[in-house]
1. Antiparallel as a % of all DSSP beta bridges within the stretch 431-523, to the nearest 5?
2. Please report the accessible area of K90 (heavy atoms, 1.4 Å probe, ligands and nucleic acids excluded) in Å², nearest 10.
3. At 1.4 Å probe size, put F510, F210 in order of accessible surface, largest to smallest.
4. Over 25 Å between Cα atoms: which of K343/K427; K53/K497; K413/K462; K343/K441; K441/K506 fall into that group?
5. At a 1.4 Å probe, what is the % contribution of carbon and sulfur to the accessible area of the chain?
6. Using the Cα gyration tensor of the stretch 1-111, with a ≥ b ≥ c the square roots of its eigenvalues, what is the shape: rounded (a/c below 1.5), prolate (a/b larger than b/c) or oblate (neither)?
7. For the stretch 445-491, with only Lys/Arg (+1) and Asp/Glu (-1) charged at the beta-carbon, what is the dipole magnitude about the Cα centre, in debye rounded to 20?
8. As an exercise, take the mean of 1/r over every pair of distinct alpha carbons in the stretch 416-525, invert it, and state the Kirkwood radius in angstroms.
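The values are calculated or read from the model by the stated rules, or taken from the named source; none is laboratory data. Note that the structure is a prediction, hence the values are computed from the model and not measured. Neighbour counts are summed over all protein chains in view; Cβ atoms, including those assigned to glycine, are modelled from backbone coordinates with ideal geometry. Calculation scope for accessible area: heavy atoms of the full protein, side chains included, ligands and nucleic acids excluded. Shrake-Rupley method; radii C 1.70, N 1.55, O 1.52, S 1.80 Å.
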Amino acid sequence: MTSKENGSKLLNLTDIWIEGQSNGQWTPLVRGVNLSLHRGEVLGLIGESGAGKSTLGLAAMGFTRDGCRFSGGSVRFNDVDLLKTSEAEKRRLRGRSIAYVAQSAAASFNPAHRLISQHCEMPVKHGVMSRDDAARDGMELYRRMRLPNPTEIGFRYPHQVSGGQLQRAMTAMAMSCRPDLIIFDEPTTALDVTTQIEVLRAIRRIVTDFNTAAIYISHDLAVVAQMADRIKVLLRGEEVEEAETRTMLSQPKEDYTKSLWAVRSYARDVRPPLAVDKPALLQVAGVTASYGSHDVLTDISFDVHPARTVAVVGESGSGKSTIARVITGLLRPRIGQVLLDGKTLLAHYRDRNREELRQVQMIYQMADTALNPKLRLREIIGRPAEMYLGLKGKQLQERIRALLRMIELEPDKFLDRLPSELSGGQKQRVGIARALAAEPKLIICDEVTSALDQIVAEGVLKLLDRLQAELGLSYVFITHDLATVRAIADDVIVMQKGRVVEQGMKEDVFQPPHHPYTARLLASVPQMDPDWLTRSLEKFTDSLDSPQ
């Protein structure tokens, strides 16, 4: 028993069964799982996509998503059975005593309201503090979360901050009422490694300072190892095993748990070096770009050669995704130009011809928000094939089926499904098929594996790798995950604050001596060691004490 387990028990889930409805049939999603939590204790929930992690986390609030229901068990929070109490009582507890931090901050904030207004809503609604006190407290929490300009950033709208900053703002919002329990559902999955250290440090400090219990859901064991006192492993809605963190890391009992430990090692098969003496497919030449009067890219230049992958890495706000916006014509460069096959692309996508648009396609980070929820897969994948290639009728349907087979989804099973009927990994594969439907030469992959568990992400990387080898595609792969860079890149560009600080072939960039910023990125990758975060914070304490 850990010292935290000596405190009073806060949460107890007993023999929980949860079912989901599909095609009129109820299917078990969580099967007889037990979970307990003491005050100030952190429990890590891990497992691959579909394991039931998020479903169980929401169950701790007495809540199920639409189309799901509790079919057995009890959920006792502070001796109140949430499955038997009234909806009014559950609404009183949620937000005030139990808070939830979602994975996708972009999908969780109201785009029409400023951050500080949304932050103040819950403490004011529950009578915890006045609007003015809540705003002042919000600014203090922004400071604790290492957000830049904490007294001013709350007056921005969600689209005016980076994804990493938005995720930290949501974590601060969950802490606004100082709840007894916070459920963190993949809160750092979409963050770069240096921002992740700051957020993990802030979460751990808040949990410790306020004796807050937490359920930390993640597919990244290395991250869970830094946060959790105990770890529970799930597979297809069932518990595989549970143990204290150090025991789980050093002596996992079950084969499935051991397989999770080993999945981080993906690297593509070694290929003969690809020739780079051919003309570049894409050239970004001296690009400087601005949002308003503020330059967000300064003198960016790099080439992408046929059938090669250029990885663009850097922390949140470094300008990675802005490069993608410039290449695709969504943002006009103030200085410089983008060339495709030696021909200058017009600055705005509306001025480019259909062939130029076809040649450059994009796969987005959040497949949940990138796919139209009202369209079936045959329509989602078929539209670009119809628009760019003029395919119709039987020829179009055959192409759609071929694309589904290409992404390893069975056409007869998936053609008429809606995005809501797919797993996260399947949605991302559909995003890949939609990009392939235009038969492009270049695909920009913007954080395409960051929201996926490691097993699913490995499958997507292998798929992209196979498609590149078969079709001769070129990739611009935007990511903050250096393990992904090692797995898939040929060339690497390291960015910081809108500038390229280092670039070259992957073997050269990852070989010492490194640029100081590159060295910091490499040192910030979580390790399978529960003491890694403490050592990293001691090492980088000076830099982390200045908000980025």
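1. Looking only at bridges with both residues in the stretch 431-523, the antiparallel portion is about 55 percent.
2. Near enough 20 Å² of accessible area.
3. The residues order as F210, F510, largest area first.
4. K343/K427; K53/K497
5. Using a 1.4 Å probe with all protein chains present, the chain comes out at 48 percent carbon and sulfur.
6. Judged from the Cα gyration tensor, the stretch 1-111 comes out rounded (a/c under 1.5).
7. With only Lys, Arg, Asp and Glu charged at Cβ, the dipole is about 120 debye.
8. So the Kirkwood estimate lands at 15.4 Å.
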